[in-house]
Amino acid sequence: ADRITNICCIGAGYVGGPTCAVIAAKCPEIRITVVDRDPARISAWNSDTLPVYEPGLDALVKRQRNINLVFSTDIDRAIDEAQLIFIAVNTPPMHHHTHVSSLGAKPDLSAVSDCARRIARVSLTDKIVVAKSTVPCGACATIAQMLRDNAQSGVRFSVLSNPEFLSEGTAVRDLLHPDRILIGGDDMVAQDRLKAVYMHWVPEPNILTMNMWSSELAKLASNAMLAQRVSSINSISAICEAVGANISEVAAGCGSDSRIGSKFLRPSLGFGGSCFHKDIASLIWLSESLGLPEVAEYWHQVLALNRFQIRRFVARILADASRGDGSSGLQGRRVACLGFAFKEGTGDTRNTPAADVCCELLRNGATLSVYDPKVSRHHIVDRLAAAAGTDCSVDSVTVCADAYSAIAGSDIVVVLTAWSEFRVIDWEQALKLMAKPAYVFDGQIVLDHDRLRQLGFNVFSIGHTHVTAQ
Ligand code: NAI
């Protein structure tokens with residue numbers, strides 16, 4: 001009776017879906033029901049085309065589905081039947097306009113609170129409630145209080161913090177081979193039960209139990225430190241362009257120091273995705289509310305540098321590729337945008353640097369043809385319309401079905417996502433399709449720049465000395 005045999009996961013998103021698919025595959029004796037208040041999401045999980053693209057996910061879900069993995073909209077029933085409930089709903093940043101001086105943003109925990117109240121109302125037996133959503137320090141204690149306040153008489157809840165560290169694009173691999181699992185809480189029995197679930201496939205030394213606050217803070221701190229590495233290398237890339245150093249060489253020079261390590265030192269247009277911005281904003285908010293403005297300011301610089309990288313890149317395009325015939329900016333220029341997802345391996349466009357670059361290009365009068373191998377036309381248009389606001393229109397955006405159709409007729413190619421298929425584009429062929437002089441701006445350092453220059457392209461790449469052709 002002490003073993004977990006029935007799990008419910010509330011939130012069938014990027015985290016809930018893949019996480020439960022892996023648990024189902026690794027724990028055949030556990031039945032998992034993933035529920036969501038969005039019926040479209042649930043029917044997509046039950047269909048041939050899953051709502052989330054991740055390498056390996058499709059096969060995994062289709063193998064376990066309706067064996068021990070169920071997707072349902074019947075939230076109350078799934079809660080009632082489960083011994084352990086994951087909360088994996090979204091925790092977006094709250095947009096507050098009142099404190100303009102504040103650098104941070106408190107995460108909106110209303111979805112998490114809704115879940116807590118619902119669990120309390122529906123549960124007739126004791127439950128372990130596990131916060132998988134990323135929440136600020138103290139949120140699990142608040143969840144525990146809400147559960148107690150709203151509980152049916154005699155029902156006991158144990159709350160654990162179990163943040164998720166998967167990264168989009170490699171979610172299944174990350175879930176199968178996690179560097180570590182954190183289980184925060186003060187109920188050791190509950191911790192052991194959750195630990196027993198993970199021990200089906202995760203070596204025991206990789207499962208760390210700790211107090212609730214440590215576990216909550218470790219998640220925010222990990223994302224902040226990863227983003228900080230991106231901003232660190234990008235700050236150095238700006239120096240490279242000015243002094244003639246090559247960022248790839250500098251990154252190798254730094255990264256081969258075992259104390260620094262080589263991962264996450266790839267210069268780029270900056271980080272995107274749903275988590276880094278929001279979690280740093282949450283850390284900044286936390287620091288401010290604890291009366292630690294120096295700490296808040298420190299992390300704020302990581303965000304500021306990320307925006308600086310986009311401004312620099314667009315400024316470079318304007319400086320090099322404006323017509324110079326008196327017409328302003330990029331008026332009359334067609335720009336092929338290769339990639340739109342916030343990184344390779346995913347179709348996710350939340351906070352994608354590509355949208356910021358595209359909007360700036362549109363504001364400067366450019367016409368865009370966009371291609372991304374995993375992002376659908378309507379996602380690109382919707383994301384751009386949202387990012388553009390009212391000061392520019394997406395009428396001059398065409399979404400293309402492949403890289404060559406995007407490149408055809410363009411003056412400028414910009415690489416916005418590091419998809420490996422861009423490396424194997426036939427650039428000789430591409431050059432024939434383009435107007436001359438042809439420009440390539442590589443924001444992700446994926447192309448062979450020497451070869452492109454030999455072919456006759458004007459090439460600029462982030463973090464490399466700026467050489468003009470001719
Ligand atoms: P998501 O937006 O993809 O999915 C959340 C789902 O929860 C949605 O389908 C939504 O309909 C559902 N939902 C919201 N409120 C609900 C309610 N009251 N009842 C039932 N369903 C409800 O979000 P995602 O990306 O899966 O993130 C979830 C949490 O995990 C967030 O806190 C995020 O910070 C964290 N996280 C996300 C990672 C990522 O790579 N996306 C990685 C690690 C953590």
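The values are calculated or read from the model by the stated rules, or taken from the named source; none is laboratory data. Worth saying up front: this structure is predicted, and the values here are computed from it rather than measured. Neighbour counts run over all protein chains shown; Cβ positions are idealised from the backbone, glycine included.
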What tally of residues in region 264-312 results from selecting those that are within 16 Å of the ligand (Cβ to nearest atom), over 20 Å from Gln444 (Cβ atoms) and out of contact with any Phe, Trp or Tyr (no Cβ under 7 Å at 6 or more places or on another chain)?
-> 6
Among residues of region 136-180 being β-branched (Val, Ile, Thr) and touching a strand residue (DSSP E or B) at 6+ places or on another chain (Cβ under 7 Å), the residue nearest to the ligand (Cβ to nearest atom) is Ile143
Please indicate, with yes or no, whether at least one residue in region 408-424 is without any contact (Cβ under 8 Å) to a residue 12 or more places away in the chain and in a loop (DSSP other than H, G, I, E, B).
-> no
Do we have any residue at all in region 157-174 that's among the hydrophobic types (A, V, I, L, M, F, W, C), in a helix (DSSP H, G or I) and closer than 27 Å to Phe271 by Cβ?
-> yes
Taking only region 336-380 into account, find how many residues are among the aliphatic types (A, V, I, L, M) and over 15 Å from Ile407 (Cβ atoms).
-> 8
Scanning region 18-53 for residues that are in a helix (DSSP H, G or I) and not aliphatic (A, V, I, L, M), the one farthest from the chain's Cα centre (by Cα) turns out to be Lys26
Any idea which residue in region 1-17 is surrounded by the fewest Cβ atoms within 10 Å (Cβ to Cβ), counting only those that are near the ligand (Cβ under 9 Å from one of its atoms) and not in a strand (DSSP E or B)?
-> Gly13
Just checking, how many residues over region 26-68 are more than 16 Å from the ligand (Cβ to nearest atom), under 23 Å from Phe165 (Cβ atoms) and either in contact (Cβ under 8 Å) with a residue 40 or more places away in the chain or not assigned by TED's automatic domain parsing to the domain that holds Ser123 (or both)?
-> 5
